[in-house]
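Just below is one structure, and these are the notes that go with it.
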Amino acid sequence: MLAGCVEWPEEFVSRYIAKGYWEARSLGGLLRDWAREHDGRTALVDGEQRWTYRELDERADRLAAGFRNLGLGPGDRVVVHLPNTAEFVAVVFALFRLGALPVFALPAHRHSEISYLCAYAQATAYVIPDEHQGTDFRKIAERVLAEVPSLREVVVAGEPGRFTGLDELYTEPCRLPEPDPGDVAFFLLSGGTTGLPKLIPRTHRDYAYNVRLSADNAGFTQDTTYLTVLPAAHNYAFGCPGVLGALRAGGKVVLADSGNPDLAFPLIEREKVTVSALVPPLALVWTDAAATTRYDLSSLELLQVGGARFEEAAARRMLDRFGCVLQQSFGMAEGLLAQTAPSDSEDIVTRTQGRPLSPDDEVRLVDSAGRDVAEGETGLLLVRGPYTLRGYYRADEHHARDFTQDGFFITGDLASRTPTGHLIVRGRVKDVINRGGEKVSADEVEGHLLAHPDVRDVGVVAAPDALLGERTCAFVVFRGRQREGAFGELTGFLHERGVADYKIPDRWEALEELPRTGVGKADKVQLRARAARAAARRP
Ligand code: J2J
């Protein structure tokens, strides 16, 4: 396995293979099988572009050869920062075939995140669109290129400027050895447990299993049309079952740039979409918009909702409005995936986040002393299994904080379990704000703010919010007197540092001092209570 990654112990490897969970096929090889089986059927729809399975397969081969000509090879890290486009799918499969390792950045990321990711991964290449939603990604690339010594190539989908155009890369396919299915295929970005976001290595065989389990659970077939409105580079939309699940089944993937009903609903009608995956705020927006829409949404059979807590009342409203199957999803880029099943009762799908998908997902709920809690009680969720990581990439010094000695991943989530084995997410102990499914690491935002000369101390916490579930609230202690317009200036400062928009605090408050715990750390329990009171006063 790639240096810097933690392998499953041998007894687990043999068990997962013996039980048929892990197959001897790489992700790039799987696309070859799917293309052979589904050949002339439509695989991808992106605006007016339509690619068949054969076309996607050929493009992946020709691009793989192009990346090789650029000097990339097995094990090289490539930060892929593309929006939901057909090119995204072709690029990642090309890299899979070459054995180069895509690192999935989200479209909302900016210079700060990309620079961090490229340096952390020691990336040799960075793949971008020319421009997306008003941002020139080539400018991000210029800055990152100047800062990260390992970075050699920037590849641009669209107008390349001084860089290499993606279209120029397509060339005669060449024979490439199939990567070892047990090796890392790509990296996902962690939503954060503690500290800065970390990289999650996913292997070909563990991820293929994840896709197979979730596609089977959701009942994907050749007749599935999956609408991708969340970022395809996020685990949920990529492979739970998402884009890969639909391709595996021989279905059709429709790529959309956002979940805005003005864009999504006409696509549902035009492409006869049968399934899509949403985060809770988007589910609320869709439920409202569906009441008055003139578009025909009757093709929808299944709506998945996950990424953050989905209130029972909202779930029931959604069921009533759409009259299709609702599936709750509690997943994480680190692995574990719990989902309700289409055959579950209305109570189960509106009140729980479903059951772990593999019979070999070992889930423990423990108290602060690490003992299993009683049936029905809430505990810290630990997990070990055939598609859950055994260690973050190059994170030796934090390993003991994120994993138990016997290899359980400490998720930082609090959950309880019903007698039927369904999980209910109750909260979390990790220092992350879950802003409607988008994860904001408090440490990361605090670090940026502390870099401002006027800021002496800062504490970033979640405040409750009706639409997003949570919003980000920053408590700031200024050096000297707070200047007029100070919060506007801090917002501008974060923008200048290239921090993604969704991480900019929604609320600000100045304090003389931060409340402290007995050991002198910022008392986040008190700060959260304060943020909640403020939110109740001015929603
Ligand atoms: C409460 N919290 C949830 C839920 C995730 C499917 C769905 C989501 C993700 C995802 C994913 C939640 N209720 N239903 O990868 O495949 C919070 C938990 C979890 C963290 C993981 C998938 N579903 N969460 O959201 O890696 O705190 O993955 O640990 O972005 O989101 O975040 P992420």
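The values are calculated or read from the model by the stated rules, or taken from the named source; none is laboratory data. The shown structure was predicted, so the numbers you read here are calculated from the model rather than taken from an experiment. All Cβ positions, even for glycine, are placed from backbone atoms using ideal geometry, and neighbour counts span all protein chains on display.
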Single unsatisfied condition, residue 164 versus (1) in contact with a Cys (Cβ under 8 Å, 6 or more places away or on another chain); (2) β-branched (Val, Ile, Thr); (3) surrounded by fewer than 18 Cβ atoms within 10 Å (Cβ to Cβ): (1)
Counting just the residues of segment 257-276 that are assigned to a loop (DSSP other than H, G, I, E, B) and in contact with a Leu (Cβ under 6 Å, 6 or more places away or on another chain), which one comes out farthest from residue 82 (Cα to Cα)? 273
I'm trying to understand the selection: among the residues of segment 426-440, which are within 11 Å of the ligand (Cβ to nearest atom), of a type in the set (D, E, K, R) and outside any strand (DSSP E or B)? 430
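Residue check: is residue 264 within 16 Å of the ligand (Cβ to nearest atom) and either surrounded by 24 or more Cβ atoms within 10 Å (Cβ to Cβ) or farther than 25 Å from residue 202 by Cβ (or both)?
Values: within 16 Å of the ligand (Cβ to nearest atom): no; either surrounded by 24 or more Cβ atoms within 10 Å (Cβ to Cβ) or farther than 25 Å from residue 202 by Cβ (or both): yes.
Judged against the criteria, residue 264 is not a match.
Having 2 or more residues that are over 17 Å from residue 45 (Cα atoms) is the bar; report the strands (runs of 3 or more DSSP E) wholly within segment 180-245 that clear it. So that I can check it myself, show each step before the final result.
On the way: elements: 184-189, 199-203, 225-228.
Fully inside segment 180-245 and qualifying: 184-189, 199-203.
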In segment 317-332, the residues that are small (Gly, Ala, Ser) and within 9 Å of the ligand (Cβ to nearest atom): 329, 331
When residue 477 is evaluated against the numbered criteria (1) over 25 Å from residue 200 (Cα atoms); (2) touching a Lys or Arg at 6+ places or on another chain (Cβ under 8 Å); (3) buried (at least 18 other Cβ atoms within 10 Å of the Cβ), which criterion, by number, is the only one it fails? (3)
Residue under evaluation residue 400, criteria (1) under 23 Å from residue 11 (Cα atoms); (2) of a type in the set (A, V, I, L, M, F, W, C); (3) in contact (Cβ under 8 Å) with a residue 40 or more places away in the chain, criterion not met: (3)
Quick check: anything in segment 183-203 free of Cβ contacts under 8 Å to residues at least 40 places away in the same chain, surrounded by fewer than 23 Cβ atoms within 10 Å (Cβ to Cβ) and either more than 11 Å from the ligand (Cβ to nearest atom) or closer than 16 Å to residue 409 by Cβ (or both)? no
Single residue of 249, 237 found to be in contact with a Ser or Thr (Cβ under 6 Å, 6 or more places away or on another chain), outside the structural domain of residue 76 (by TED's automatic domain parsing), away from the ligand (no atom under 15 Å from the Cβ) and of a type in the set (Gly, Ala, Ser): 249
Residue in segment 333-363 that is surrounded by the fewest Cβ atoms within 10 Å (Cβ to Cβ), counting only those that are assigned to a strand (DSSP E or B) and within 15 Å of the ligand (Cβ to nearest atom): 363
Does residue 275 qualify as being under 19 Å from residue 214 (Cα atoms) and more than 16 Å from the ligand (Cβ to nearest atom)? no
Of all residues in segment 214-228, which are surrounded by fewer than 24 Cβ atoms within 10 Å (Cβ to Cβ) and within 14 Å of the ligand (Cβ to nearest atom)? 217
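Go through segment 10-30 and give me each residue that's surrounded by 12 or more Cβ atoms within 10 Å (Cβ to Cβ) and small (Gly, Ala, Ser).
Taking segment 10-30 first, the residues surrounded by 12 or more Cβ atoms within 10 Å (Cβ to Cβ) are 12-17, 19, 21-30.
Within segment 10-30, 14, 24, 26, 28, 29 qualify.
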List every residue pair whose Cβ atoms lie under 7 Å apart, where the two residues are 6 or more positions apart in sequence or sit on different chains, the first residue falls within segment 85-98 and is closer than 14 Å to residue 232 by Cβ, and the second residue, located anywhere, is at pLDDT below 95 and part of a helix (DSSP H, G or I). none
Among the residues of segment 298-316, how many are without any contact (Cβ under 8 Å) to a residue 60 or more places away in the chain, within 16 Å of the ligand (Cβ to nearest atom) and assigned to a loop (DSSP other than H, G, I, E, B)? 2
Of the residues in segment 48-74, how many are among the small types (Gly, Ala, Ser) and either surrounded by 19 or more Cβ atoms within 10 Å (Cβ to Cβ) or free of Cβ contacts under 8 Å to residues at least 12 places away in the same chain (or both)? 4
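Please verify whether segment 384-396 includes one or more residues that are touching a helix residue (DSSP H, G or I) at 6+ places or on another chain (Cβ under 7 Å) and part of a strand (DSSP E or B). Give the steps one after another, and end with the answer.
Quick first cut of segment 384-396, residues touching a helix residue (DSSP H, G or I) at 6+ places or on another chain (Cβ under 7 Å) only: 386-387, 391-392.
From what's left, part of a strand (DSSP E or B): none.
No, there is no match, as no residue in segment 384-396 is touching a helix residue (DSSP H, G or I) at 6+ places or on another chain (Cβ under 7 Å) and part of a strand (DSSP E or B).
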